[in-house]
Amino acid sequence: MDFIKEADFRKEIKSSPRAAYLFFGDEDYMKKFALDTAVQAISPEPSFAFFNEIRLDSFSYSPEALVDAFMPAPMMADRKLVVLSGLDINSMRSFEVEALCQAVDAIEDYDYNTLIISASADKLDAGNMPKCPSSLVQKLAEHLTPVYFEKNSPARLAAWVGKHFEHNGVIASAEICALVIDRCGRDMFNLANETDKLSFYVLKNGRQEVTHEDVMSIATPSSEFDTFALSNAIGARRRDEALEILRDMKGRRLDPIIIISEITKTVCEMLSVAVLRADGMTQREISEALKIHEYRLGIILRTLPDEQMCRLMLTRCHDADLEIKSFRNGFEVLETLICTI
């Protein structure tokens with residue numbers, strides 16, 4: 001299956017748009033950004049948006065409604081944009097998917113349209129991209145040009161956060177941007193909100209540069225940050241600190257299954273670092289080999305247990321995961337995990 005990426009889409013939509021596109025993949029924030037680019041390229045005049053920008057969602061969609069949206073000619077423009085979003089394609093039956101594809105094919109009779117079907121990450125299984133897309137994506141790709149929105153790496157997200165700060169008139173070092181990613185997670189909608197919050201806080205206080213203290217006191221931590229801190233505390237056997245973090249997570253009603261999953265992922269990362277460090281690799285070599293930002297790696301190395309302890313933690317995490325999934329009290333299992341390592 002041939003597909004294009006978001007950057008390729010933004011280039012061609014401005015000069016030579018195709019008839020129909022499928023937005024799919026993990027990065028929903030960038031889908032919104034790409035849709036905004038399409039609006040500016042095809043329907044830039046707000047006064048004609050009623051005629052040249054037709055929006056359908058899961059409530060207004062039917063195959064007939066989609067074909068009807070193709071029919072009217074654009075007003076004072078060469079092309080018209082039709083956007084269909086919100087469909088739970090994963091839940092559609094085979095004949096419903098077939099009906100959608102047939103409706104998409106009708107665009108050939110109305111060649112002044114550009115159609116974008118934008119599927120959120122949880123509504124269309126992408127499969128194992130890029131090598132093995134799902135059968136649904138492959139089916140839709142026979143009728144639309146697939147545009148793949150892959151999850152951004154922490155390094156790319158940190159660069160994006162830096163540009164977002166700069167746009168707000170605020171300065172943030174590369175280390176601070178990486179800290180924002182570590183603390184707030186990788187969801188770009190959330191990162192945009194947290195970056196704006198930090199920017200306004202710094203400017204309100206008569207400063208222009210974001211500090212470590214600003215991020216730690218103002219930015220809201222994600223569960224990913226919580227479990228990173230929790231894993232480090234467990235590995236360093238700082239049990240009081242680990243139990244305090246866990247109590248806070250319990251108070252916020254985080255799912256124990258998600259907590260143990262994130263802890264296990266972090267411990268696997270710690271084990272990889274421990275093995276490479278034992279092999280004599282430098283911090284920079286480990287960072288490049290594991291694709292971990294050097295700032296985050298520095299945090300890991302400061303409290304990193306030895307390889308044997310990491311393996312023990314991984315075994316205990318596996319056992320705890322099985323206990324939680326067998327419907328035992330998840331937080332009791334996690335407390336036991338903390339107290340027995």
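The values are calculated or read from the model by the stated rules, or taken from the named source; none is laboratory data. This structure is a prediction, so every number in the text was calculated from the model and none was measured. Glycine gets a Cβ as well: all are built from the backbone with ideal geometry, and neighbour counts include every protein chain shown. Heavy atoms of the whole protein, side chains included, go into the accessibility calculation; ligands, DNA and RNA do not. Shrake-Rupley method; radii C 1.70, N 1.55, O 1.52, S 1.80 Å.
For the chain, what is the charge dipole size about the Cα centre, in debye to the nearest 20, if Lys and Arg each add +1 at the Cβ and Asp and Glu each add -1 at the Cβ? Intermediate values should be presented prior to the final figure.
Working: 39 positive and 54 negative charges, 159 e Å.
Dipole about the Cα centre, nearest 20: 760 debye.
Largest first, how would 218, 324 line up by accessible area (1.4 Å probe)?
Working: 218 45, 324 15 Å².
Heavy-atom accessible area, descending, gives 218, 324.
Per residue and in Å³, how big is the convex hull formed by the alpha-carbon atoms of region 190-304? Please report the intermediate quantities before stating the final value.
Working: hull volume 14.7 nm³, N = 115.
Hull volume normalised by residue count: 127 Å³.
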**Asked** In square angstrom, rounded to the nearest 10, how much accessible surface does residue 79 have for a 1.4 Å probe?
**Response** 60 Å²
**Fill in**
Between the residues 192, 149, 215, the Cα farthest towards the positive end of the dipole of the chain, that dipole coming from +1 and -1 charges on the beta-carbon of Lys, Arg, Asp and Glu, is from 215
**Request:** Ignoring everything but the protein chains, give the 1.4 Å probe accessible area of residue 241 in square angstrom, nearest 10.
**Result:** 80 Å²
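Please compute the alpha carbon radius of gyration of region 67-145, then divide it by the globular-protein estimate 2.2 N^0.38 Å. Two decimals is fine.
Details: Rg = 13.8 Å, N = 79, 2.2 N^0.38 = 11.6 Å.
For region 67-145, the normalised Cα radius of gyration is 1.19.
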**Asked** Using the alpha-carbon centroid of each, what span in Å lies between region 287-326 and region 66-113?
**Response** 48 Å
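From the helices alone, meaning DSSP H stretches of at least four residues, give me the mean residue ellipticity at 222 nm for the chain, per-run term -39500 (n - 2.57), in deg cm²/dmol to the nearest 500. Don't jump to the answer; show the numbers that get you there.
Details: 17 runs with 198 residues, N = 341.
Calculated from helices alone, the mean residue ellipticity at 222 nm is -18000 deg cm²/dmol.
By the scheme Lys and Arg +1, Asp and Glu -1, what is the net charge of all other residues having a beta-carbon under 11 Å from that of residue 277? Kindly include the intermediate steps, with their values, before the conclusion.
Details: positive: none; negative: 279, 285, 306, 307.
Combined, the nearby Lys, Arg, Asp and Glu give -4.
What number does the chain give for Rg over Rh if you use C-alpha atoms and the Kirkwood radius?
Values: Rg = 24.0 Å, Rh = 23.0 Å.
That ratio is 1.05, to two decimals.
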**Asked** Among 245, 305, 258, whose Cα sits farthest toward the positive end of the charge dipole of region 202-325 (+1 at Cβ of Lys/Arg, -1 at Cβ of Asp/Glu, about the Cα centre)?
**Response** 245
**Prompt:** Counting only the heavy atoms of the protein chains, how much of residue 284 is accessible to a 1.4 Å probe, in Å² to the nearest 10?
**Reply:** 140 Å²
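Per residue, how much accessible surface does the chain expose to a 1.4 Å probe? Answer in Å², no decimals.
Details: 17480 Å² over 341 residues.
Accessible area per residue, the chain: 51 Å².
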